[in-house]
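Report on the structure given below.
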Amino acid sequence: MISHTLFDPAGAAIVVGGTCLATVLRCGVWDTRMAFAGVARLTRPRFRAAQARAELAPQVQEIQQDGVIRAEPHHFGDEEFDAVTDALIGSRSMGGLQGAHVSHKRRRVDQSRRAVRTLEQAAELSPVFGLAGTLVALTRLPADPGAASDFTSAISMAVLTTLYGLLLGNLLFAPLARMIARRAAQEEHERQRVLDWLESQVAGALPGALPGGGRR
């Protein structure tokens, strides 16, 4: 009974459909795709620095033993660190490693910002279309005061569309935006830890390195 009284198909279509369409028109298709991708990443395991170090350990050990010149790249499926080790071995310098990291970090940060911005726009637009649904419902008020059932239906839709807009914005889109932002910040922190560890481990194996990891 409660689910029946709280669900209005026409009101839901106005609020959900209007919010989604307005978000795409305001933010663009590409940013909307970034938002979907950001939400999808929330379902995947978090990036863990300890796990990444364990995967990189054989590569680091080979570089320490044979030197960066004779080392062969070993990929373990992480796009950034595969590229970082390729750049390190290919350029034989710390600059190549850092350049690859910065490039991947910029791309990740840009994607997460686009996703957050798009979802924040959706959160702002949801109550607007809740109000729009309310206005549409009020236009359906019968002119005849005796049409009690039509009057009740219109008032119900007016109230529910306002509710849908508030819930959609504050219990879906805004929380998703914050979750993506927190996940992105956590991942960047963990990745920086791995990069700092990698730099400290391979510094002594680079051409021109002094004993103890220094540089000439």
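The values are calculated or read from the model by the stated rules, or taken from the named source; none is laboratory data. Note that this is a predicted model, so its numbers are computed, not measured. Positions of Cβ are backbone-derived with ideal geometry, glycine not excepted, and every protein chain shown enters the neighbour counts. Note: accessible area is taken over every heavy atom of the protein model, side chains too, but ligands, DNA and RNA are not part of it. Shrake-Rupley method; radii C 1.70, N 1.55, O 1.52, S 1.80 Å.
See the values below:
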{"item": "Residues of the range 105-144 with amide N under 11 Å of a point placed 7 Å along Cα→Cβ from residue 151", "result": "142-144"}
{"item": "GNM top mover of 169, 38, 18 - the chain, alpha-carbon springs below 10 Å", "result": "18"}
{"item": "Debye intensity ratio in log₁₀ form over the Cα atoms of the range 65-109, taken at each q of 0.20, 0.33 Å⁻¹", "result": "-0.60, -1.15"}
{"item": "Prolate/oblate/rounded call for the range 70-149, Cα gyration tensor, a/c under 1.5 rounded", "result": "prolate"}
{"item": "Net charge, residue 190 excluded, C-beta distance under 9 Å - Lys, Arg +1, Asp, Glu -1", "result": "+2"}
{"item": "Largest to smallest accessible area among 178, 183 [probe 1.4 Å]", "result": "178, 183"}
{"item": "Folded to 0 to 90 degrees: helix 148-168 orientation relative to the chain principal axis, Cα", "result": "10 degrees"}
{"item": "Accessible surface ranking that places the most exposed of 162, 134 first, with a 1.4 angstrom probe", "result": "162, 134"}
{"item": "The chain: Rg to Rh, with Rh as the Kirkwood radius over Cα pairs", "result": "1.28"}
{"item": "Mean accessible surface per residue for the chain, computed with a 1.4 Å probe while every protein chain stays in place, in Å²", "result": "56 Å²"}
{"item": "Label zone at residue 128 (point 7 Å along Cα-to-Cβ), backbone N below 14 Å, the range 157-177", "result": "169"}
{"item": "The range 16-63-the range 100-136 distance, computed between alpha-carbon centres (Å)", "result": "14 Å"}
